[in-house]
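Rule-based calculations on the coordinates, nothing more; no lab input. All values derive from a computational prediction rather than experimental measurement. Backbone-built Cβ (ideal geometry, glycine too); neighbour counts: all protein chains shown.
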Protein chains: 2
Amino acid sequence: MRRKLIVVSNRGPVSYGRDPDGTRTAKRGGGGLVTALRSLVQYHDVTWIASAITDEDHVAAGETLEETARDGSPYGVRLVAHDPQAYDWFYNVVANPMLWFVQHSLWELPYSPKLDAAFHRAWQEGYAAVNENFAAAVDAELSRTPDAAVFFHDYHLYLAPRLVRERRPDASLMHFVHVPWPQPDYWRILPKGIRNAIHEGLAANDIVGFHTDRWRRNFIYSVRELLGEDVTAKTVAAPISVDPGEFDELAQSDVVLRRERDLVANRLTKLVVRVDRTDPSKNIVRGFRAFELYLDAHPEMHRQVSMLALLDPSRQEIPEYAEYLAAIQREARRVNDRFQQSGWRPIDLRIADDFPLSVAAYKQFDVLLVNAIFDGMNLVAKEAPLVNQRDGVVVLSENAGAHAELGKWAVTVNPFDVEGQAEAIGQALEMGSDERRARLEAIRQHVRTHDLNRWTDTLLAALDRVAAPARR
Amino acid sequence: MRRKLIVVSNRGPVSYGRDPDGTRTAKRGGGGLVTALRSLVQYHDVTWIASAITDEDHVAAGETLEETARDGSPYGVRLVAHDPQAYDWFYNVVANPMLWFVQHSLWELPYSPKLDAAFHRAWQEGYAAVNENFAAAVDAELSRTPDAAVFFHDYHLYLAPRLVRERRPDASLMHFVHVPWPQPDYWRILPKGIRNAIHEGLAANDIVGFHTDRWRRNFIYSVRELLGEDVTAKTVAAPISVDPGEFDELAQSDVVLRRERDLVANRLTKLVVRVDRTDPSKNIVRGFRAFELYLDAHPEMHRQVSMLALLDPSRQEIPEYAEYLAAIQREARRVNDRFQQSGWRPIDLRIADDFPLSVAAYKQFDVLLVNAIFDGMNLVAKEAPLVNQRDGVVVLSENAGAHAELGKWAVTVNPFDVEGQAEAIGQALEMGSDERRARLEAIRQHVRTHDLNRWTDTLLAALDRVAAPARR
């Protein structure tokens, strides 16, 4: 059934610039969220509301914009202009360090965070103000298409649903949270007014979706502890996925094949691969330490195995991220200084945004290490097995959302247990080829039958179940 | 009803030495736990099982020991000798840094802990071995008095109850957890085998007690998430308390009066007092920062108020504790360097174990700051109001167990919100005298009617309710 949808996310599917001759140019947005929502545009009538980022975005913010997806599907765009100071507070003070760190349990509580007057202002005049702008834009769009369902995304927009609900008691509102949901005591890091506003904002939706039942249960628990409400009936667990066809194509693309030739030319017998942003939640430092412990225990594997770490530098304007990147480099250096020999560097660390190289590494891994501290889903664990050509084994953190689906075919690790991770790397490297192939094939089969379309179908069906009685 | 009780705790009520002439000497143990359990010895037939610490304790470990409490009540003591290496692993690797840090949510998860082979060995050959020794001692004591109820204490002994239960299916077992119970995702820091063993160990009791309903609910939730069991019926919330008569006496003792004279001689008009161990859970650094923010906002109060921080140095052999003490000293120095004037030091920092001085400060505070990150109970919040003579106001963390009882008469703070704490200090200093007096009186009234005897009565009654059917 084709339906009218208003998709709301901070980053949009397109941003605008200007050619030297003055004509407006449109650039497609990257990022997982935009990719994930592509099929919505194909099958439904979508208007996408997002923040204006560039100067030309701000010019376009007053206009009704019509765009065309890669496959030719038309969709509408409405850009929301924010005061630049408000946006900076929203994005660089509240959403990215504070909420991200809370939702991934990353704070060192004896010392940080220290919530001061600057933070309180950033919350009120930044996060709350930007959410108010989004709510006003949704309200205006609902005036145009009153029977559209609204589909909010992620941790940037926790306040908007309630603000829309106050104006539109009958609207169909759904929110998907792409990050882990922590348990209520961790939410208590935030002052009562703020943590309650976040939970009340989300609870104003008809449906709140999470990748896994674990994050969903945590949300139910935290609403009950903090607000005393039972929101069970409003929640749904729907694991996001990928478009397998896209990866089949990518794997055969010229640019990936070129990268793959370089990789194969230099490769040793065995390759342990990790692909991540340089985010403290990704647990890269402990991964290097675990590989060191593995090399310690297996001198016979020196020169026979190396770790390829493809790391996309992330949010370097936030001090905690800059510090984490430094710690990554220090730890890799320490391990290499200890073990490296002429012609063998144990850890091949590459800090760059090079997606084709990542896909080449997906094809060539013997072991894929995903040891995240906490991770909403982790799509690398789904993408890489799809195209792998070496019966590679996935070593997977029990705290990654992907573990709920793929854990039974992966080697499970506790992300804090470096000894356990060293043993898991050994177990993966020594696994017999039949078992490796069977596990990899099972993961592929699962991802192919649980693809991105299934994710959107599950969410829209949940919205129908809840919203239908209200609309009747 | 007088009953037979076997009290089990790591530190016991007495430890032994030898005079130069070779006679054995007994020294009473200090510490909150021993004080708290004093009344048990008065009203019941108690045998106390504890670790042998001193050389003479190890000599005495084979013997049946009879001791006499301060009030003349007799009780038995059984000391358990451990291998010194096992005890070091148990105490200085597992119990005090690891379990304490997990239960107070103190780890900086991107970097620590890193569970290595040394930790796994410390768990198995230290914590598990010491718990096995305790279980064997309890079993031996139950052979002597089969109808005694066993009363375990705290985070040192999580494995012992199950080990006893395996040998004695019909024994009456109770455990009291004196620290906060974190939520299941924080327990997941520990590898599955370890976290499950902790929960299974506790669940082998007939009754598990916590200071507050919040910690009790967390325990129920974490057993359900980690083991899939419902232990609701086995749990009880019973807030520990103090003996008000003891503080009435102390307040009038010579040594306290002497300290009080010194304090009054030097005092400014207003005094903000904190009394803590130098433990990262106590949130001392943020308390100084909050006081700085208060002074910033209230130049008219310079020279009119100071903060007296009486801090007992704690566990300095653990690096995180040594670092925290350094951070405390640095922060106090920074604030003093910024504001101090001839004759006025904003923060009077005293690192010493001086209980009489603490009681003198209890009598003299205008504001008592208890801003703990997480705290099982926090007895300072109960002790100090009992003897205060200045209608002092309690500023109390919402994450301290004491907040469940005293919150409505305190000024509540979020421990991470330094701006909120600065405002709370201001609110407390400016509060009118009638309101101050009414709040203080209400806290006193509550503590006097909810004293230590009530705590033990509640726990023993809970044990009777559950254990009675089994014994019939």
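A few notes on this one:
- Chain B, helix-only ellipticity at 222 nm - DSSP H runs n ≥ 4, -39,500 (n - 2.57), divided by all residues, nearest 500: -13500 deg cm²/dmol
- Given charges at beta-carbon only (K, R positive; D, E negative), |dipole| of the range B:233-341 in Debye: 420
- For the range B:1-65 versus the range B:418-454, the spacing of their alpha-carbon centroids is 37 Å.
- Distances between equivalent label points of A:GLN340 across the copies, with each point positioned 7 Å along Cα→Cβ, amount to 4.9 nm, shortest listed first.
- Where N is the number of residues in the protein assembly as shown, Cα Rg divided by 2.2 N^0.38 Å: 1.03
- Distance from the alpha carbon centroid of the range B:81-125 to that of the range A:312-327 works out to 30 angstrom.
- For peptide A:280-286, the mean count of partner chain Cβ atoms within 10 Å of a residue's Cβ comes to 3.
- Shielding score for B:178-188, defined as the mean number of other chain Cβ atoms within 10 Å: 4
- Placing a pseudo-label 7 Å from each Cα along the Cα-to-Cβ vector at A:GLU125 and B:ASP464 gives an inter-label distance of 6.2 nm.
- Amide H contacts for B:LEU65 (H built 1.01 Å from N in the peptide plane; partners 5 or more residues away or on another chain; cut-off under 5 Å): B:VAL77.
- Amide H contacts under 5 Å for A:PHE152, placed H, 5+ residues apart: A:VAL8, A:MET174, A:HIS175, A:PHE176
- Screening chain A for DSSP H helices whose Cα atoms reach 15 Å or more along their own axis and whose mean Kyte hydropathy is at least 0.0 gives A:128-144, A:284-297, A:452-471.
- The HN-Hα couplings worked out from phi for the range B:8-24 by the Karplus form 6.51 cos²θ - 1.76 cosθ + 1.60 (θ = phi - 60°) are 10, 8, 4, 8, x, x, 8, 9, 10, x, 9, 5, x, 7, x, 7, 6 Hz, whole numbers, x standing for Gly and Pro.
- Calculated label separations, B:ASP55, copies of the chain, 7 Å along the beta-carbon direction, nm: 8.2
- The calculated FRET efficiency for the pair A:ASP434 and B:ASP457, based on their C-beta separation and a Förster distance of 56 Å, comes to about 0.30.
- Considering only beta bridges that DSSP places wholly inside the range A:244-450, some 5 percent are antiparallel.
- Per-residue Cβ neighbour rank within 10 angstrom, fewest leading, B:TRP181, B:TRP48: B:TRP48, B:TRP181
- Summing Lys and Arg as +1 and Asp and Glu as -1 over all other residues whose Cβ lies under 9 Å from the Cβ of A:ASN92 gives a net charge of -1.
- Take each residue of peptide B:221-230, count the partner chain Cβ atoms within 10 Å of its Cβ, and average: the result is 1.
- Cβ-Cβ FRET estimate between B:GLU66 and B:GLU249, R0 fixed at 25 Å, reported to 0.05: 0.35
- Max-minus-min Cα coordinates of the range B:244-450 on each principal axis give 42, 42, 35 Å, with the largest extent listed first.
- If you take all other residues with their beta carbon under 10 Å from the beta carbon of A:THR54, and give Lys and Arg +1 and Asp and Glu -1, the sum is -1.
- Ratio of the Cα radius of gyration of chain B to 2.2 N^0.38 Å, where N counts its residues: 1.00
- When DSSP beta bridges are restricted to pairs lying wholly in the protein assembly as shown, around 20% turn out antiparallel.
- Going from the fewest other Cβ atoms within 10 Å to the most, the residues B:SER73, B:SER9, A:SER433 appear in the order A:SER433, B:SER73, B:SER9.
- Charged-residue dipole, Cβ positions (Lys, Arg, Asp, Glu), the protein assembly as shown about Cα centre, Debye nearest 20: 860
- Residues listed by number, the range B:311-341, amide nitrogen under 19 Å from B:ARG267 label point at 7 Å toward C-beta: B:311
- Residues whose amide H comes within less than 5 Å of that of B:ARG277, counting only those at least five positions distant or on another chain, are B:ASP312 (H built at 1.01 Å from N in the peptide plane).
- Its relative contact order, with pairs defined as Cα atoms under 8 Å and 6+ residues apart, puts the range B:244-450 at 24 percent.
- If the segment from B:GLU132 to B:ASP170 were pulled out straight at 0.36 nm per residue, it would be longer than the present Cα-Cα gap by 11.8 nm.
- The residues packed around A:SER241, meaning those with a beta-carbon under 14 Å from its beta-carbon, carry a net charge of -1 if Lys and Arg are +1 and Asp and Glu are -1.
- Cβ-vector label at 7 Å, A:GLY432, separations to other copies in nm: 8.4
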